[in-house]
1. When N is the residue count of region 201-309, what does its C-alpha Rg come to as a fraction of 2.2 N^0.38 Å?
2. Pairwise over distinct Cα atoms, reciprocal of the mean inverse distance: report the Kirkwood radius of region 109-244 in Å, one decimal place.
3. Given a 1.4 Å probe, how much area per residue of region 73-173 is accessible, in Å²?
4. Largest first, please: the extent of the C-alpha atoms of region 238-280 along each principal axis, to the nearest Å.
5. Solvent-accessible area per residue for region 181-325 at a 1.4 Å probe radius, Å²?
6. Give me the number: length gained by fully extending PHE256 to ALA335, i.e. 0.36 nm times residue separation minus the C-alpha to C-alpha distance, one decimal in nm.
7. Please compute, for the alpha-carbon atoms of region 45-157, the extent along each of the three principal axes and give them in descending order in Å.
8. Using 0.36 nm per residue of separation minus the Cα-Cα distance, give me the extension gain between THR328 and ARG359 in nm, one decimal.
Amino acid sequence: MTTEGGGRRAAPDGDTSSGGRAGARSGDGYGTLRLVFAFIVVADHTPVLTGIGNSFMPVKSGVDLGAVSVGAFMGLSGYFIMRSWQRDPNLYRFWVRRLLRIMPGLVVVLGLSALVLGPLVTTLGKRAYLAHPATWSYLGDNLLLFPQQYVLPGVFADNPYPSAINGSLWSLPVEFLGYALIAVLGLLITFSRYRFVMVVFALAMAVLLQRMSINQLTLPPVLLMVPIFPLLQYLGMYAAGAAIWLYRDRIRLSWFGVLLCVGIDFTLYSSAMVEVARIFTLPYLVIAIGHLLPRRLWLPGWLTVANYGVYLYGFVVLQTLLFLGLRTPWLVAAAAVPVALVAGLVSWHVVEKQAMKLRHVLIRRRKPAAVPREEPAAGAPPGSEPTEELPAVGSPQPAPATS
């Protein structure tokens, strides 16, 4: 995804709540976009993992499909997580919901990768593999989110992009920091009503990014164990998405606005400033499209709930297909997407959905805070309001095999 300074590929962790149950039956525009972008993330990792390039899009186009998908997820996450916070501005309940959404699926994919897939494909003997300290640190480090480990001993060692097991996991710390951003600034906004602080934060990230892009500012390449450029950009997009929710009474979601954002990106595509502009254009673009998408284009909710699982398993599926001998990039991508979709559906029904039931045990029932209903934009189909909340995550080009 983006350049080295840029991001990595990402996918949503996809969230549902009380408002999402109706959406699970009929679908909505936002769920449709989440799943489509998750598919793009999986497919656009293929050029890197097969060694043919950085993205399926030509470099001169100025568009990295994976990077665009990451920005879309981050903007959507900020929008819906801010909405969730305003419905119930309580730190304990907020973090219970957030952690129950991302951690159970993560625990299972890590366990399957290290303890089921690893022994089957490692170049070491099974006993040596299970005795290796890196096998167990893979579980512990990745569950803590900071730091992360991308390598299992002897696993995928002969692949074109060797050793990286699940490069997408790098983005979970960014998602976690996005949650912290909403919690901290959300508290300030709740008690002071200074909603402009979210805009100020997005602008601050844009300024830092702009200074870095013209070499007027040098920051450590890694901050909080995350690459600095995507960290600043994605948190800026998170804040921009949250600001769109906070200023929904003043911001009109329209196809004209979508075209304007596309025009800005097209104008700046050959400039480093395009990455700065996307902090604002991409969240608006994807939020507006999700809101305005005609009902006939909605994918059913039973399908879109797989989006987080597609993110969790897509990279592992790609590496496994390459291990089995597939090498043609388009064939690898075409085979990986449906396999990741099946894995995502199983993850939702067997793990994620069941884990979310613990909310009823850990959180006392309460009446949600009254939040003004979002006015549909002109031309939006009836019933096209968003289905509650949507955490998002990202993943750049796979972490180096030496990490």
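1. Ratio of Rg to 2.2 N^0.38 Å for region 201-309: 1.23.
2. 17.3 Å
3. It amounts to 34 Å² per residue over region 73-173.
4. 34, 22, 10
5. That works out to 45 Å² per residue.
6. Numbers: separation 79, 0.36 × 79 = 28.44 nm, distance 3.68 nm.
So the chain would gain 24.8 nm between PHE256 and ALA335.
7. Dimensions of region 45-157 along the principal axes of its Cα atoms: 52, 46, 19 Å.
8. Values: separation 31, 0.36 × 31 = 11.16 nm, distance 4.43 nm.
Using 0.36 nm per residue and subtracting the Cα-Cα distance, I get 6.7 nm.
The values are calculated or read from the model by the stated rules, or taken from the named source; none is laboratory data. Everything numeric here is computed off the predicted structure, so don't read it as measured data. Positions of Cβ are generated from backbone atoms using ideal geometry, with glycine treated the same way; all protein chains shown enter the neighbour counts. Side chains are part of the model used for accessible areas, which takes the heavy atoms of the whole protein and leaves out ligands, DNA and RNA. Shrake-Rupley method; radii C 1.70, N 1.55, O 1.52, S 1.80 Å.
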